[in-house]
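The values are calculated or read from the model by the stated rules, or taken from the named source; none is laboratory data. For clarity, every value in this text was computed on a predicted model and none was experimentally measured. Note that each Cβ is placed from the backbone with ideal geometry, even for glycine, and that neighbours are counted across all protein chains shown. We work out accessible area using only protein heavy atoms, side chains counted, and drop any ligands, DNA or RNA first. Shrake-Rupley method; radii C 1.70, N 1.55, O 1.52, S 1.80 Å.
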Amino acid sequence: MPEDITDEQTRNAFALMRAETLTHIRPPGTAAAQRTVRNRRRTGIAALAAGVGIVVAGGVAVTHLATSERSATPPAAPSPSPSPSELPAEQLDRMAATAAAALGITSVDNKQRKREGKGPILMTGSEPARRGGISGTGYNENKTGVYVLDVLCVGEGTLRARFWAATSGADEAGNPAPIPPDAAEAQVPCSDDLARVSLSVRAPWPEKVYVSIEPDQAAEGRAAHASLVRVP
């Protein structure tokens, strides 16, 4: 960007130029010389102003270009929301104990249940809601082959409970057998309402009954459940 030229500098420049010129030519007269000086001065100032105008216009153009490039850049994709943090183990254990107490499996007395005309409880469990495997059980003296699964969950999220009958829960290599598509299934909400959800299947001997309880992302590490398998 050219430097600003002051009026004094302009006058000095023209005075020097005039002095040099007078040594070679005769001036056309005082009035004419003054008009020439004024015209040249206006021309120099106009040229200087034009130069400043170009620089300013260029600055505006660059600023506009930079702004356009910024606005044309696609916004960054939002970061995925972090999954809920897992509750402390002590808190989860207390929640599991609460679920077990609400389901009535803190202590199981099948003799007392028989006196009350109730079927025996064959399997119980209570634990924090985490990705787990498959549990199975059987009862030889169950003449009807009907079994009931009760599940109760405390905390957040939802459990997917599935209950089915099969002769084996594993393949020849010992890997868990796939869950059959016709397995009884229910969504178990995890909350403070302590409401049980029940499923039933029929498994005549020699079939066993199998249970799968899987938490969703909201429940994993932030809920605990209790379950039992019983004869009605």
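So which residues in the range 170-189 are out of contact with any Leu (no Cβ under 7 Å at 6 or more places or on another chain), modelled with pLDDT of 90 or more, farther than 25 Å from LEU87 by Cα and not charged (D, E, K, R), if there are any at all? The answer is ILE179, PRO180, PRO181, ALA183. Only strands (runs of 3 or more DSSP E) whose full extent lies in the range 78-185 are considered here, and the ones with at least 2 residues that are in contact with a Phe, Trp or Tyr (Cβ under 7 Å, 6 or more places away or on another chain) are 134-137, 158-166.
Inspect all residues belonging to the range 182-195 and state whether any of them is more than 31 Å from the chain's Cα centre (by Cα) and open to solvent by 20 Å² or more (accessible area, probe 1.4 Å). Yes, the range 182-195 contains at least one residue that is more than 31 Å from the chain's Cα centre (by Cα) and open to solvent by 20 Å² or more (accessible area, probe 1.4 Å).
Residue by residue, here is whether (1) in contact with a Leu (Cβ under 8 Å, 6 or more places away or on another chain); (2) within 21 Å of GLN187 (Cβ to Cβ) holds:
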position	(1), (2)
CYS153	yes, yes
THR158	no, yes
TRP164	no, yes
SER168	no, no
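For the range 125-151, filtering for residues that are open to solvent by 70 Å² or more (accessible area, probe 1.4 Å) and closer than 28 Å to SER191 by Cα leaves 3. In the range 203-232, the residues that are surrounded by 24 or more Cβ atoms within 10 Å (Cβ to Cβ) form Cβ pairs under 7 Å with partners that are basic (Lys, Arg), at six or more places apart or across chains, as follows: PRO215/ARG130. Residues in the range 133-181 that are over 28 Å from the mean Cα position of the chain (by Cα) and of a type in the set (S, T, N, Q): SER135, THR137, ASN140, ASN142, THR144, THR167, SER168, ASN175.
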